[in-house]
Structures are given as C-alpha cells and as structure tokens.
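**Student:** Here it is: the structure, laid out below.
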Amino acid sequence: MNAVLTRRNLINREAEDFKPPRFKPNSSVRNRLENWLRRFLDLQAGSIWRDMRSELCQARGSLLDVGCGAQIYRDLLPAHVDYSGIDTKDAGLRFGYSMPDTHYFEADDWGVAEATFDTVLCTEVVEHIPDPVELLGRACRCLRPGGRLVLTVPFSARCHFIPYDYWRFTPHGLGRLLTAAGFENVHVRARGNPLTVACYKLMTLHFMLLLRPRQRFTDIAKFSLGLLISPILGLLACIANISLRSDWGDDCLGYTVTAYRKTRQPQPAEVFRDDSTASV
C-alpha cells in the first residue's frame with residue numbers, strides 16, 4: 001500500500017495527543033508555585049513571562065487584555081494601571097478558562113469603545129482566530145492614537161487546542177499584518193533560539209510519553225520509559241531556560257511584538273493618491 005495513503009488525515013483531528021495543565025489565577029501560594037513550575041517546564045509559557053515582565057512594567061493608564069484566559073499577566077502591571085480583560089464566550093468550552101471579572105463577548109462585539117485604551121495586550125491569541133486581520137484592526141481601533149500593542153505569537157510550537165489552532169506567523173508577515181491594521185513602529189523580537197527549540201522539541205517528546213492516556217500495554221511501556229529518563233527532562237529545562245538569554249539564529253519558540261497605533265490616520269484621498277500622475 002502507498003505509504004502516503006496510510007498517513008492520518010489531520011483535518012479530522014479533534015484534539016491533541018496530550019494537554020498541559022491549565023494556568024490558574026495567581027490567587028494563592030499553591031497556584032503561584034504551580035504556575036512557576038509550569039513556566040519552568042513549558043518553554044513557550046516561560047519565555048513569554050520573561051518578556052511580559054519587562055514589557056508590562058511600562059504600561060500606563062488603561063490596559064485591555066484581549067483573550068485574557070486566566071489573567072496570569074495581570075500581576076505584572078503597575079498598581080495604577082486600570083485593567084480590563086475580555087475573552088470569547090466559548091473560552092471555557094474551547095480553552096478551559098473562566099474568570100468572574102472577565103467580559104465574555106459574542107461574535108465580534110467586544111463591548112469596548114474605540115480609542116479608549118493606552119495599551120492592548122494580546123498573548124498567544126492570534127493563532128486561534130480565523131480572521132487575524134480583523135482582530136488586529138479591532139485592537140488598533142481600541143487604542144488611543146499613539147497607544148501601544150503588546151502581542152505574542154508562537155512559531156516553533158506544536159499544534160495546541162486542536163481544532164482551534166489555525167496559524168503560524170513569520171516576522172515579516174507580522175510586519176505586513178500590523179502595518180495594514182494601522183500600526184507603526186513595529187518591533188518583532190524572537191523568544192529563544194535554535195538551541196531553545198531543540199530542547200523544547202525533546203521535552204515535548206518526553207511529555208508525550210508521560211502525559212498521554214495509558215489505555216494499552218504500549219502506552220504503559222512508554223510511560224515507564226518516560227519515568228526512567230525523567231532526569232533528562234530537568235537537564236533540558238535548565239539548558240533551555242539559560243539559552244533564552246541569547247539571541248541568535250533563524251528559529252525560535254515564538255515572537256514578542258510591540259507596535260503603536262498611528263497618531264495620524266491617512267485620509268481616503270491620501271490612500272488612493274497616485275503620485276506618478278501628479279501634476280508638475
């Protein structure tokens with residue numbers, strides 16, 4: 001039989017092989033410790049946390065957290081920042097997050113007035129949106145002129161929250177999308193490097209041995225193997241977290257992006273003007 005025909009048709013997948021534990025609100029010492037351990041072992045989450053610590057300390061005025069989940073970055077904000085968190089009404093069903101002080105919206109109605117916020121935060125959300133262009137445009141309109149967007153997206157990351165994982169973005173792709181949405185002064189920075197990615201892939205393979213359902217003898221054998229080589233997991237995590245300090249190579253875990261809403265929006269006449277036909 002043709003080997004191509006024996007491969008799975010991935011369009012039919014409805015869930016990933018394993019799911020890491022959900023983040024919890026930082027409401028207790030236990031939750032904080034569990035979140036810290038998750039960030040240490042989950043390189044995607046840990047690298048984002050590192051960047052958010054430096055990015056969010058600069059926040060001023062009001063901040064809108066789009067797709068806020070468990071609001072895990074809220075504690076990184078200065079005390080004087082006015083925080084608002086929004087998420088889709090399907091967040092609990094699709095992603096397992098539900099917070100009492102989050103505004104859950106339907107369809108595209110965020111329930112937010114335009115030009116209201118000084119900062120929009122959007123972490124690991126765009127890849128789950130069928131129309132990322134619409135989301136970025138709406139985020140831009142929520143900002144006051146000159147307001148700041150802080151965005152993260154994955155790159156070398158396994159599919160997650162299947163079937164709601166749609167996109168991966170390159171730096172130049174992000175630049176085009178954000179410029180078209182009305183942003184300027186776009187900065188795209190890598191989280192990690194090829195060494196980080198190599199550790200991440202090996203750690204993911206290890207987690208697949210440990211966290212997949214154990215229903216057959218082969219599953220139990222894989223779990224036993226995972227337990228046996230668990231010390232390697234800790235070593236990889238240490239190497240990966242140290243490697244995050246270096247910026248090199250063309251592969252990374254994901255990107256952290258900052259951009260600003262243009263202070264002056266072009267008028268229709270300027271948008272469609274063709275300078276090549278202008279009178280001399």
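The values are calculated or read from the model by the stated rules, or taken from the named source; none is laboratory data. Computed from a predicted model, the values in this text were never measured in an experiment. Virtual Cβ from ideal backbone geometry, glycine too; neighbours counted across all protein chains shown.
**Student:** Can you find a residue that is surrounded by fewer than 18 Cβ atoms within 10 Å (Cβ to Cβ), in the same structural domain as Asp90 (by TED's automatic domain parsing), modelled with pLDDT under 95 and aliphatic (A, V, I, L, M) anywhere in the range 157-179?
**Tutor:** Yes: one or more hits.
**Student:** Can I ask one more? Residue check, Asp82 against (1) surrounded by fewer than 19 Cβ atoms within 10 Å (Cβ to Cβ); (2) in contact with a helix residue (DSSP H, G or I) (Cβ under 9 Å, 6 or more places away or on another chain), all met but one. Which one?
**Tutor:** All conditions pass for Asp82, except number (2).
**Student:** Please go through the range 50-75 and give me each residue that is in contact with a Leu (Cβ under 8 Å, 6 or more places away or on another chain) and either of a type in the set (Gly, Ala, Ser) or assigned to a helix (DSSP H, G or I) (or both), ordered by number.
**Tutor:** Arg50, Met52, Arg53, Leu56, Cys57, Ala59
**Student:** Do we find a residue being of a type outside the set (Asp, Glu), surrounded by fewer than 17 Cβ atoms within 10 Å (Cβ to Cβ), outside any helix (DSSP H, G or I) and free of Cβ contacts under 8 Å to residues at least 24 places away in the same chain anywhere in the range 28-48? Show your work before the answer.
**Tutor:** Residues of the range 28-48 that are of a type outside the set (Asp, Glu), as a first pass: 28-33, 35-41, 43-48.
Checking the rest, the ones that are also surrounded by fewer than 17 Cβ atoms within 10 Å (Cβ to Cβ) come to 28-33, 36-37, 40.
Of the ones still in play, those that are also outside any helix (DSSP H, G or I) are 28.
Add one more test, that the residue is free of Cβ contacts under 8 Å to residues at least 24 places away in the same chain, and what stays is 28.
Checked the range 28-48: at least one residue is of a type outside the set (Asp, Glu), surrounded by fewer than 17 Cβ atoms within 10 Å (Cβ to Cβ), outside any helix (DSSP H, G or I) and free of Cβ contacts under 8 Å to residues at least 24 places away in the same chain.
**Student:** Need the failing condition index for Asp109 against (1) in contact (Cβ under 8 Å) with a residue 12 or more places away in the chain; (2) over 18 Å from the mean Cα position of the chain (by Cα), just the number.
**Tutor:** Tallying (1) in contact (Cβ under 8 Å) with a residue 12 or more places away in the chain; (2) over 18 Å from the mean Cα position of the chain (by Cα), Asp109 fails exactly one: (1).
**Student:** Could you tell me how many of the residues in the range 76-109 are in contact with a Cys (Cβ under 7 Å, 6 or more places away or on another chain), in a strand (DSSP E or B) and not β-branched (Val, Ile, Thr)?
**Tutor:** Residues in the range 76-109 being in contact with a Cys (Cβ under 7 Å, 6 or more places away or on another chain), in a strand (DSSP E or B) and not β-branched (Val, Ile, Thr): 2 in total.
**Student:** State yes or no: is Ile11 surrounded by 16 or more Cβ atoms within 10 Å (Cβ to Cβ) and within 26 Å of Glu134 (Cβ to Cβ)?
**Tutor:** no
**Student:** Let me ask another. Only one of (1) over 26 Å from Phe18 (Cβ atoms); (2) among the charged types (D, E, K, R); (3) buried (at least 17 other Cβ atoms within 10 Å of the Cβ) fails for Arg191. Which number is that?
**Tutor:** If we test Arg191 against (1) over 26 Å from Phe18 (Cβ atoms); (2) among the charged types (D, E, K, R); (3) buried (at least 17 other Cβ atoms within 10 Å of the Cβ), just (1) comes out false.
**Student:** If you don't mind, there's one more thing I want to ask. Does Val112 satisfy being touching a helix residue (DSSP H, G or I) at 6+ places or on another chain (Cβ under 6 Å), part of a strand (DSSP E or B) and assigned by TED's automatic domain parsing to the domain that holds Arg50?
**Tutor:** The answer is no for Val112.
**Student:** Can I ask one more? Only residues in the range 206-219 that are closer than 23 Å to Leu236 by Cβ count as the first member; pair them with residues that are in a helix (DSSP H, G or I) and modelled with pLDDT of 75 or more, Cβ under 6 angstrom, at least 6 apart or cross-chain, and list the lot.
**Tutor:** His206/Leu233
**Student:** Same structure again: Looking at the range 115-138, which of the residues that are assigned to a strand (DSSP E or B) and not hydroxyl-bearing (Ser, Thr, Tyr) is surrounded by the fewest Cβ atoms within 10 Å (Cβ to Cβ)?
**Tutor:** Per the stated criteria, the residue is Asp118.
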